[in-house]
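Let me begin by presenting the structure, written as structure tokens, before commenting on it.
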Amino acid sequence: MKKGYLFLLFALCNLFATAQQITPDSIFHYYISHKQKMVLAYSFKTIADAYNEDNDVTKALAYYNKSLAAYQSINDKGGIAKLYFTIGKLLNTQGNRKEALSYRDKSKKINQEIADQQKTANTLNKLAYSYNTQLKTNLALTNYYQSLKLYLQINDKTGIVNSLNNIGTICIEQGNKPLGLQYYNLSQNIKEDCKKRARAIKAEMNNSDRVAYSFNSIAALYYRQKNYPMAHAYADSSLLIAKQANYPNSICRADSLQAQIDLALANLPTTTASQKANYLAESKTHQQQYTALHDSLQNLKAPTSSTANNNASISSADSKTSTNFNFIKTAGIIISVIGLVVILVYNSLQKKQK
């Protein structure tokens, strides 16, 4: 499963309106169909956070609202509640206290819903465990499915992992090993995601680099949707910010993507001959810039010949030292053994003489 998988799972609540059981296929299908909004939600929030840290409240609010709309579209209650609170806080700094209070009230209400659902889900989970110990596996499965529904709604990762794992275990015990393994593997994938918490947005990136990276992520999303004009606009923004801040890696990413977008625009049926020539020329330029910068970055990472020689010398010296040390160690052991034998023989002779 790719990075970001967890942000979509809780949105399955809509799926449960028509089906009691949740299959691994339905989870994966739902994830794929809503993945785009998840990427937008996270990317917009990252951009907003960067502008907020730079005290650009106007831009921060604009992107927080974009992120909020994306989170609402996938019914991420946790994400919605946090954004309501953050937006309310920013509105309060602008002196708009009435609207700020409204946003904070919304956040508080959703957080209370999350807390209530958490208690209900935990109760259902305990009830399912009780039924399972009584060998009432069908009732146990029913309650595990219901608890999973609530855990997904509130994005409780621990609850999601445990419920999927328990459902998988019961399926295996009932003789349906293939289905059980699907649930179990899905549980393990989510668990690994929870452990890694790895983000493409690195901690060492500063705000401009985060914004450039996020714009590039949005451009890549629109490119995969074949919405090339939107992809072109966001890729342009990414490249502009990256160049202004002089971030080679971000420039490299943006040039590479822009080359692909320009090529796609050139091949659209609605593109005129002159537009096609321009897009192809721009694509070639971006590709050349990407190749040159990428090669340059790779050369910086590669060790020089003198460094390699030094490393080889150090390695050779370490090897010799290790060999000498092993020889001394072996000789010491042999001498100790001989000494021990001599002592034993001497003691034996002394006893015979007595």
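The values are calculated or read from the model by the stated rules, or taken from the named source; none is laboratory data. Being a predicted model, the structure only gives us computed values, none of them experimental. Here Cβ is always computed from backbone atoms with ideal geometry, including for glycine, and neighbour counts include all displayed protein chains.
Restricting the range 79-103 to residues that are within 13 Å of ASP49 (Cα to Cα) and not charged (D, E, K, R), the residue that is surrounded by the fewest Cβ atoms within 10 Å (Cβ to Cβ) is LEU90. In this entry, ASP236 is excluded by the filter for residues that are under 28 Å from ASN52 (Cα atoms), buried (at least 21 other Cβ atoms within 10 Å of the Cβ) and of a type in the set (Asp, Glu). For the range 62-85, the set of residues classified as modelled with pLDDT of 90 or more and either of a type in the set (Ser, Thr, Tyr) or within 21 Å of ASN206 (Cβ to Cβ) (or both) consists of ALA62, TYR63, TYR64, SER67, TYR84, listed by residue number. Look at the range 276-297: where a residue is on the phi > 0 side of the Ramachandran plot, no partner that is in a helix (DSSP H, G or I) and modelled with pLDDT under 90 sits 6+ places away or on another chain with Cβ atoms under 8 Å.
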